[in-house]
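Participant: Structure below; questions to follow.
The values are calculated or read from the model by the stated rules, or taken from the named source; none is laboratory data. Note that this is a predicted model, so its numbers are computed, not measured. Backbone-built Cβ (ideal geometry, glycine too); neighbour counts: all protein chains shown. Remember, those area values only see protein heavy atoms, side chains included, never the ligands or the DNA or RNA. Shrake-Rupley method; radii C 1.70, N 1.55, O 1.52, S 1.80 Å.
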Amino acid sequence: AGLQIELFTRSALLSARLNSFFLDYIIADFGSNRAGPHGQIFLEPLYANSTFEPLWESTDAEYAFSGDFVFQRDFIAKTVRPGLAYAFVAPELDDAFHNLLRWFIPNIALEENRFLLHGAGVICEGSGFVFFGQSGAGKSTSVQLITEADSRASAIGDDAVIVECRGDALFLHSAPIGAGYSREAPPRRTVPIAGLFSIQQDTANFIETLPASEAAATLLASVMQPQTTNEALLAKLSLAERFVRATPQIARLHFTRDADFWLMILNSRKKNVQRQSRQKEIEV
């Protein structure tokens, strides 16, 4: 998503695992003219026979915070300053890398007008469609139905994506976070967003227009940010307002467990494109 995160480790094992998981995202040489990194993480392996062994007995996926420290079932990290952290991860646990990034990415993304969103992404003919909601809303189901029904469509994540507000337009970025039963990160892609939907499984397929306040609240409810400050909260509210004013607007998708809703989305988008084209002709 245009965010540069530098990872440092003295562990050959960690280095090999990171290269395996995030191969499509790794740039070994940014060049001499690059700007400084948005974030840096110093990584060390934490093995099960260490003094932190009880951490790996936990089944709680939530994050716990104590001062500058964050504890999670898969890692322990300390914030040195914004954008700089030291972390211990279990190299044998795939989720350790992904959960570390779920904690680390949101704050640096927010500074660059981006949200790490609890959502799924689909790309079809160069346009992105985002489906977001809480666990169980149907993100993975909707993406699976679409990709099985439409050979032109491909998934770029069924758990986490990065969305960006740039001017009055929205963009979808794949996130370096594995999802589903495949823990490898999805291919690195960036496309303009053609549809941004809060999803709700229902008995009929239809798209519901949301008032601005509800659209913003719905989006914020799916933003991943396990640790926040008052300053960050204000920044989130401001960015959510920009998303609501941008194109396309946020809507709620009511869908059934079949792929008919995808055809409805494509037809709706086609009508919107035709309407915008006519409007431009009138203005000219």
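Participant: How charged is the neighbourhood of D24? Take every other residue with its Cβ under 13 Å from the Cβ of D24, and add Lys/Arg as +1 and Asp/Glu as -1.
Facilitator: On the way: positive: R188, R189; negative: E184.
Surrounding charge for D24 is +1.
Participant: Which is farthest toward the positive dipole end of the chain among P187, P106, G126, measuring Cα position about the Cα centre, with Cβ charges +1 (Lys, Arg) and -1 (Asp, Glu)?
Facilitator: The residue sitting farthest along the positive end of the dipole is G126.
Participant: Further question on the same structure: Using only the alpha-carbon atoms, how far is helix 94-110 inclined from the longest principal axis of the chain? Give it as 0 to 90 degrees, nearest 10.
Facilitator: 60 degrees
Participant: Normalised by the residues of the chain, what does the relative contact order come to in percent, with Cα pairs under 8 Å and at least six apart?
Facilitator: Values: 521 pairs, mean separation 45.1, N = 284.
Relative CO of the chain lands at 16 percent.
Participant: Considering only DSSP beta bridges whose two residues both sit in the chain, what percent are antiparallel, to the nearest 5?
Facilitator: Values: 41 of 64 bridges.
Antiparallel bridges make up about 65 percent of those DSSP assigns within the chain.
Participant: Keeping every protein chain in place, order T247, T256, T147 by accessible area at 1.4 Å, biggest value first, i.e. largest first.
Facilitator: Details: T247 80, T256 20, T147 50 Å².
These residues rank, largest area first, as T247, T147, T256.
Participant: I would also like to ask the following. Looking only at F197, F42, F115, which one moves most when the chain is put into a Gaussian network model with springs between Cα atoms under 10 Å?
Facilitator: F42
Participant: What is the Å³ per residue value for the convex hull set by the Cα atoms of the chain?
Facilitator: Details: hull volume 43.9 nm³, N = 284.
Output value, Cα hull per residue: 155 Å³.
Participant: While we're on this one: I want to verify a result. In a Gaussian network model of the chain, Cα cutoff 10 Å, which of these has the top mean-square fluctuation: L233, L43, L23?
Facilitator: L233
Participant: For L196, which sequence-distant residues (separation of 5 or more, or a different chain) have an amide H within less than 5 Å of its own amide H, given hydrogens modelled in the peptide plane?
Facilitator: V130, A251
Participant: Another question about this same structure. For the Cα atoms of the chain, what angle does the longest principal axis make with the long axis of helix 139-149, in degrees from 0 to 90, nearest 10?
Facilitator: Approximately 60 degrees, to the nearest ten.
Participant: Based on a Kirkwood Rh over C-alpha pairs, give the Stokes-Einstein translational diffusion coefficient of the range 65-138 at 20 °C and viscosity 1.002 mPa s in µm²/s. Mind dumping the intermediate values first?
Facilitator: Working: Rh = 14.4 Å.
So the translational diffusion coefficient is about 149 µm²/s.
Participant: Per residue, how much space in cubic angstrom lies within the convex hull of the C-alpha atoms of the range 135-249?
Facilitator: Values: hull volume 15.2 nm³, N = 115.
Cα convex hull per residue, to the nearest whole number: 132 Å³.
Participant: Still on this structure: Subtract the Cα-Cα distance of Q144 and A16 from 0.36 nm times their separation in residues, and report this length gain in nm to one decimal. Write out the running numbers ahead of the final one.
Facilitator: Details: separation 128, 0.36 × 128 = 46.08 nm, distance 3.04 nm.
Fully extending the segment from Q144 to A16 adds 43.0 nm.
Participant: Related question: In degrees, nearest 10, range 0 to 90: what is the angle between the Cα axis of helix 212-221 and the longest Cα principal axis of the chain?
Facilitator: 30 degrees
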